[in-house]
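Report on one structure; see the data block that follows.
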Amino acid sequence: MDEEEIEKAVVAYLKKKGFKQTEIAFQEEQQLNKNSSSSIHNNNSANSQIDPDLTKKILSFSEFETGPQRYQEEYSKLRSWAYSSLDLYKHELLRVLYPVFIHCFMELVARGHVQEARAFFNSYREDHEMTHLRDLQKLEGVLSPSHLEEMEFAHSIRLSKVNIKMCQYSYDLLLQYLHKTESITMLGIINERINFQVSPGQPGSISDDAEVVTLVASGHDASLINQKEVHWGLLEDSLEERLEKTGGSVPDSEKFDGDPKEGEVEENKKKSVEGGKQGAPLKKLKKDKVGVATGKSSRTESSTVTTAPRVKPELALPAIPVEVELSILEDLRNRVQLSNASLPSVSFYTFVNTHNGLNCASISHDGSLVAGGFSDSSLKGETDSPSSEHVLGSSGGRRCYTLLQGHSGPVYSASFSPDGDFLLSSSSDSTIRLWSTKLNANVVCYKGHNYPVWDVQFSPAGHYFASSSHDRTAKIWSVDRIQPLRIMAGHLSDVDCVQWHANCNYIATGSSDKTVRLWDVQSGDCVRIFIGHRSMILSLAMSPDGRYMASGDEDGTVMMWDLSSGRCITPLVGHSSCVWSLAFSGEGSLLASGSADCTVKLWDVTTSTKAPLKEENKSGSNNRLRLLKTLPTKATPVYALHFSRRNLLFAAGAFSKSA
């Protein structure tokens with residue numbers, strides 16, 4: 001190769017990079033060398049041959065800078081090599097392809113090769129649609145270099161490194177391939193955009209893939225945040241603790257007259273809530289008969305809730321009225337102890353003739369109130385109670401319902417207060433409204449979000465509530481203030497769902513950025529980031545003892561997390577569509593999941609959380625959460641699930657002919 005061609009290639013490379021001073025110094029040095037060694041060069045022309053390997057390297061850098069086709073060629077070769085690798089290491093090597101594919105596409109767009117970028121994107125997108133469809137749909141909108149800065153999702157990807165776990169041998173194989181084939185483009189992207197977490201020993205299980213690749217979210221930041229201490233126990237002097245101290249005993253008079261008194265308590269509760277209602281949401285006469293029949297025999301059984309540590313509240317919690325406290329204690333005394341051998345009864349509320357207008361459903365704590373949020377901006381509640389017919393007037397035996405209107409956009413979430421006296425609703429009109437179930441009227445309108453509010457949830461103690469929005473924030477409110485008390489910001493996309501911890505000191509948020517975060521309500525700080533889902537998180541649930549959390553996503557996967565360590569205990573695979581609702585039983589032994597696939601599934605939580613790690617390694621599978629039962633509906637996607645205090649499972653959904 002001629003020396004002048006080499007020099008031109010080097011100068012072109014320096015100009016391309018903008019290294020002006022280096023370019024000038026290089027040209028001056030070359031001129032001096034030519035003048036001083038012209039005679040020596042002529043006499044020793046035979047010995048002036050340039051090293052061919054060095055020539056190859058220099059030219060490769062020049063080609064690297066000029067040709068967009070190198071991205072296509074090198075990625076195609078890397079893809080073929082990964083798919084043809086040994087099965088033992090293939091699944092780990094394939095993890096590299098998706099982040100390399102995304103960054104190749106964005107590099108081409110950034111360099112102005114938009115047409116080549118679109119052709120590249122369309123050529124290989126099918127490889128990744130199974131697990132990253134939503135990301136690909138977002139990146140389809142990137143049509144110019146300016147979009148990389150304007151689109152939050154693309155901008156965050158370019159600023160952060162991807163974390164990939166693999167064993168040492170897989171890592172060595174990848175490096176050997178890149179150096180041997182001189183894939184300069186791929187090597188540059190991998191070096192700049194990927195952070196490898198290399199572990200000794202054999203490759204990990206394929207079932208771990210959900211946890212090993214994190215596209216957006218810095219694993220380094222997550223590891224630092226997850227080192228913070230989380231006090232997951234229950235509140236001091238809670239009703240459960242009081243019941244435990246008394247041994248769950250009931251006076252003799254109450255034992256003999258228990259059933260009638262319980263009926264009187266329930267009737268009094270219904271009268272107090274229904275009094276003055278003009279078609280209010282909804283009373284169901286159906287009671288938790290199982291709790292009455294077998295609750296007393298199970299009072300002495302141990303509960304995981306009673307073994308939880310005790311913590312002090314960080315919020316000023318409201319006092320519980322005496323009559324409400326007595327009612328709760330009565331329910332706790334008569335709670336049925338559920339297990340893998342004793343499954344709950346299920347009461348299902350089905351909305352009919354909704355014409356695909358139902359967006360959400362909410363069930364009160366005792367199951368007597370049910371409300372639905374609709375696309376026409378209304379809230380509706382239904383009742384079978386005879387007393388409500390008296391209030392509403394004769395309806396010829398038809399089911400009575402109340403209509404709550406006030407929002408100016410579709411209603412996306414609803415939540416009853418613990419005592420059932422109030423109902424919260426959130427809407428695309430960016431507001432949250434508080435309704436009185438006694439007056440059937442809107443009491444307060446809360447304006448704090450700037451975009452649609454996807455979810456709102458009352459705290460377990462009432463008075464406080466949390467909301468989540470398209471504006472990528474979650475906010476904490478109290479019913480007596482129209483401005484939020486705390487703003488939780490940190491998610492990279494919509495915050496789709498929110499859930500309170502049992503002790504009211506924390507809230508959890510699930511986002512379209514595929515992460516779940518745990519926040520301290522007092523400081524507003526993020527104390528945990530849970531990474532592992534492959535699609536947006538749609539539902540969350542906290543265990544009664546506050547130690548575990550379950551999250552459900554758009555793909556139908558449910559994950560169980562340990563709040564203290566921040567690690568995933570096990571993924572639950574079984575649903576074939578979105579998981580819209582999750583609920584733990586009263587003592588925390590069972591988890592119920594409701595899905596768009598028209599089923600309710602019951603999972604054995606106790607077995608999963610107690611199974612030793614050695615058994616997991618022997619079996620080669622980390623799916624230790626046992627599916628106990630699948631309860632299919634005829635054609636009703638499950639919108640909401642809720643366990644009553646007596647452990648009757650309530651569910652709600654809208655009948656759909658298409659389902």
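The values are calculated or read from the model by the stated rules, or taken from the named source; none is laboratory data. This one's a predicted model, so the numbers in the text were calculated from it and none came from an experiment. With ideal geometry, Cβ positions are generated from the backbone for all residues, glycine too; neighbour counts draw on all protein chains shown. Side chains included, ligands, DNA and RNA excluded: accessible areas come from the protein's heavy atoms. Shrake-Rupley method; radii C 1.70, N 1.55, O 1.52, S 1.80 Å.
Here are a few things to note about the model shown:
- Residue match in region 546-553 (condition: outside any strand (DSSP E or B), open to solvent by less than 10 Å² (accessible area, probe 1.4 Å) and touching a residue at least 24 places away in the same chain (Cβ under 8 Å)): yes
- K657 modelled with pLDDT under 90, more than 15 Å from the chain's Cα centre (by Cα) and open to solvent by 30 Å² or more (accessible area, probe 1.4 Å): yes
- Summed over region 632-656, the residues that are assigned to a loop (DSSP other than H, G, I, E, B) and either hydrophobic (A, V, I, L, M, F, W, C) or under 17 Å from S577 (Cβ atoms) (or both) give a count of 8.
- Any chance D480 is open to solvent by 20 Å² or more (accessible area, probe 1.4 Å) and modelled with pLDDT of 90 or more: yes
- Flag if R567 is touching a residue at least 40 places away in the same chain (Cβ under 8 Å) and of a type in the set (K, R): no
- Subset of region 504-526 (residues that are over 14 Å from Y548 (Cα atoms), assigned to a strand (DSSP E or B) and open to solvent by 10 Å² or more (accessible area, probe 1.4 Å)): D520, C526
- The listed residues are L582, L591, L602, and the only one of them that is open to solvent by 10 Å² or more (accessible area, probe 1.4 Å), of a type outside the set (D, E, K, R), outside any loop (DSSP other than H, G, I, E, B) and under 24 Å from Q457 (Cα atoms) turns out to be L582.
- Helices (runs of 4 or more DSSP H) wholly inside region 78-170 containing at least 2 residues that are open to solvent by 40 Å² or more (accessible area, probe 1.4 Å): 87-93, 114-124, 129-139, 145-150, 152-159
- In the set (1) touching a Gly at 6+ places or on another chain (Cβ under 7 Å); (2) buried (at least 22 other Cβ atoms within 10 Å of the Cβ); (3) more than 25 Å from R486 (Cα to Cα); (4) hydrophobic (A, V, I, L, M, F, W, C), the condition left unmet by C568 is number (2).
Matching residues to (1) more than 27 Å from L133 (Cα to Cα); (2) part of a strand (DSSP E or B):
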site: H533; (1), (2): no, no
site: P544; (1), (2): yes, no
site: S565; (1), (2): yes, no
site: I569; (1), (2): no, yes
site: G574; (1), (2): no, no
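- Screening region 460-477 for residues that are under 19 Å from S551 (Cβ atoms) and part of a loop (DSSP other than H, G, I, E, B) and picking the one that is least open to solvent (accessible area, probe 1.4 Å) gives P460.
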